[in-house]
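Taking it in order: structure first as structure tokens, then the write-up.
The values are calculated or read from the model by the stated rules, or taken from the named source; none is laboratory data. All figures in this text were calculated on a predicted structure; none of them were measured in a lab. Every residue, glycine as well, gets a Cβ built from its backbone with ideal geometry; the counts of neighbours run over all protein chains shown. For accessibility, only protein heavy atoms count, side chains too; no ligands or nucleic acids. Shrake-Rupley method; radii C 1.70, N 1.55, O 1.52, S 1.80 Å.
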Amino acid sequence: MLINLGDNTRRYGPYESDYMDEFMSEGAPHLRALYARLPPASHAVGDLVGELAGAARRLILGGFEMPVPEGINLSPTTTLAKAYAHLTLANPSTGLSGYTPWREKVRCMNLRAPPLFTHHVDPTSDPPDSRCNATQPCLLAALGEDFNRRVPPAGLAWFHEGWDETWAMLRERVRPMLLLAVGKRAGAKGGRPPSRQGGRPPRKGAGRPRGSAEGGV
Amino acid sequence: MRLQHARGPVLHVVRHRSIRKFREHLEKQLAGTDARHVPDLTVAMEPAWHNNIGHALYDYAWPAFLGREQLGINRTVRFHTLLHIPRRLYGDSGPVYERERAHERIFQTIGGGELFITNELARPHVFHDVVLGHGLVTDEEDMNVNFTLAGGRGLDGARRFRDALYTAFGVDIPPHRKRSDQSRDGGVGRGLLVENPTHRVVHPWASIAVARARTFGVNLSVVNWNAHIPPGPDRLREHLRILSTADIYISGPGTAPASCISNYYRMVLC
């Protein structure tokens, strides 16, 4: 069982990932990976990490099968990037060829996605390619909302535009929010379900309950 | 034909009409030299950032291993390691160089045979069977649409590489499980919390995490992979021994500075 705590020393945007090298976890189906977004270093972080260890133990003893399913060892952020890439790059009738190289394509998406690469290759160090299609921020936001709605515990939002404010709030709260990936796929291929009118993005900032560490597993 | 590389010529390719013609050519080339013949299997690689053990293992040893697996070569066969290092990125002395050399001994331990470094070969060498050209098999150019480590799923490569590492370093291989709760009579006892500047596992929160984990039945140890033992095979052996006893691995991203390995070690976890 792997728990990737990400980088809590700087602020990342809602669609950025700071976990790095996720393809390694995803390529190791005899392991199970979890991802946590932590507030900046504090006593509360210690409690949260201890709880994560307990959650991992319960998952192991609960018994999951190996090899683990495809996609389950990616973080929500990279799961979303993958869904976005498939939706924007694939031919709708044939899907995306398994031999499509990703590097150039993902750079074209203008996602800041260092985990898609080994760390000495940072797509942000290269200028965006003007021949690429423009990014589709609306699609990205819709996928994020889908993920937030589908992945319990309800009310915990991995993706939302208010992350900056949340970050500021996290610095001050005694019992910060814990966001834990549970490996659900964002925006599964084959079309989105009808949009729910009431599915507003979560309210920014305070009042969000801290979820159980197992989430929807 | 000569293949060029950014760092200089890599190899020469010469066409021959037959094996016999090739042998004749070889004999002519080697006549009067004290060429050494290296029978058996040799695996070639071109390391560059291998002063970091994470990169050494997963940017170079892994593709070399996988290249051999893809060819169906019996994995129990020992092999020699041929390193092509035309220029060392960090020079020919100093702590980074020392780590590079230490990790080259790790490559050698994995193969179990001899170690050859191209620019240190004083006389011609004739390698009889060479696996090379796996280059980018795990690199960013190879990223596939499912976003997995090449061969990790299809060949069960990640676990096979892990097993090969444990075997090479004489550490018992963790059990292969089909379910996570299989053969867990002793429960799930041990977790590792890795010190890594990227996520600031420093006091006081590391000790709080350890105390909190204990209430959930997890014996969490804070580890610093850079401590105590100098880089090299002995250090990796000790790390594998620690990893083989752990069920839960908690770390930040990346490899972290210096020879710290952090995230990459998760791959050799049971």
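Taken over segment B:41-53, the residue count meeting the criterion of being at pLDDT below 90 and touching a Gly at 6+ places or on another chain (Cβ under 8 Å) is 1.
Among the residues of segment B:25-54, the one identified as within 14 Å of chain A (Cβ to nearest Cβ) and either closer than 17 Å to residue B:67 by Cα or touching a strand residue (DSSP E or B) at 6+ places or on another chain (Cβ under 7 Å) (or both) is B:47.
When A:36, A:55, A:44 are checked against the criterion of being in contact with a strand residue (DSSP E or B) (Cβ under 6 Å, 6 or more places away or on another chain), more than 19 Å from residue B:146 (Cα to Cα) and either more than 7 Å from every other protein chain (Cβ to nearest Cβ) or modelled with pLDDT under 80 (or both), A:36 stands alone in meeting it. Here segment B:210-226 is the region considered, the condition is being in a helix (DSSP H, G or I) and in contact with a Leu (Cβ under 6 Å, 6 or more places away or on another chain), and the residue that is least open to solvent (accessible area, probe 1.4 Å) is B:213. Any residue in segment B:58-79 that is open to solvent by 70 Å² or more (accessible area, probe 1.4 Å) and among the basic types (Lys, Arg)? Scanning segment B:58-79, I find at least one residue that is open to solvent by 70 Å² or more (accessible area, probe 1.4 Å) and among the basic types (Lys, Arg), so the answer is yes. If you check B:254, B:191 for being within 28 Å of residue B:103 (Cα to Cα), within 12 Å of chain A (Cβ to nearest Cβ) and at pLDDT 90 or above, only one passes: B:191.
Among the residues of segment B:73-80, are any under 20 Å from residue B:123 (Cα atoms) and free of Cβ contacts under 8 Å to residues at least 12 places away in the same chain? Checking segment B:73-80: not a single residue is under 20 Å from residue B:123 (Cα atoms) and free of Cβ contacts under 8 Å to residues at least 12 places away in the same chain. Summed over segment B:146-193, residues that are out of contact with any Lys or Arg (no Cβ under 9 Å at 6 or more places or on another chain) and open to solvent by less than 10 Å² (accessible area, probe 1.4 Å) total 9. If only residues of segment A:6-15 that are within 12 Å of the chain's Cα centre (by Cα) and either part of a helix (DSSP H, G or I) or modelled with pLDDT of 65 or more (or both) are counted, the one that is farthest from the other protein chains (Cβ to nearest Cβ) is A:15. Residues of segment B:227-251 that are open to solvent by 10 Å² or more (accessible area, probe 1.4 Å) and within 7 Å of chain A (Cβ to nearest Cβ): B:247 alone.
In segment A:58-72, the qualifying residues are those that are at negative phi and crowded, with 19+ Cβ neighbours inside 10 Å, and the one that is farthest from the other protein chains (Cβ to nearest Cβ) is A:72. For segment A:40-50, the set of residues classified as closer than 17 Å to residue B:193 by Cβ and part of a loop (DSSP other than H, G, I, E, B) consists of A:41, A:42, listed by residue number.
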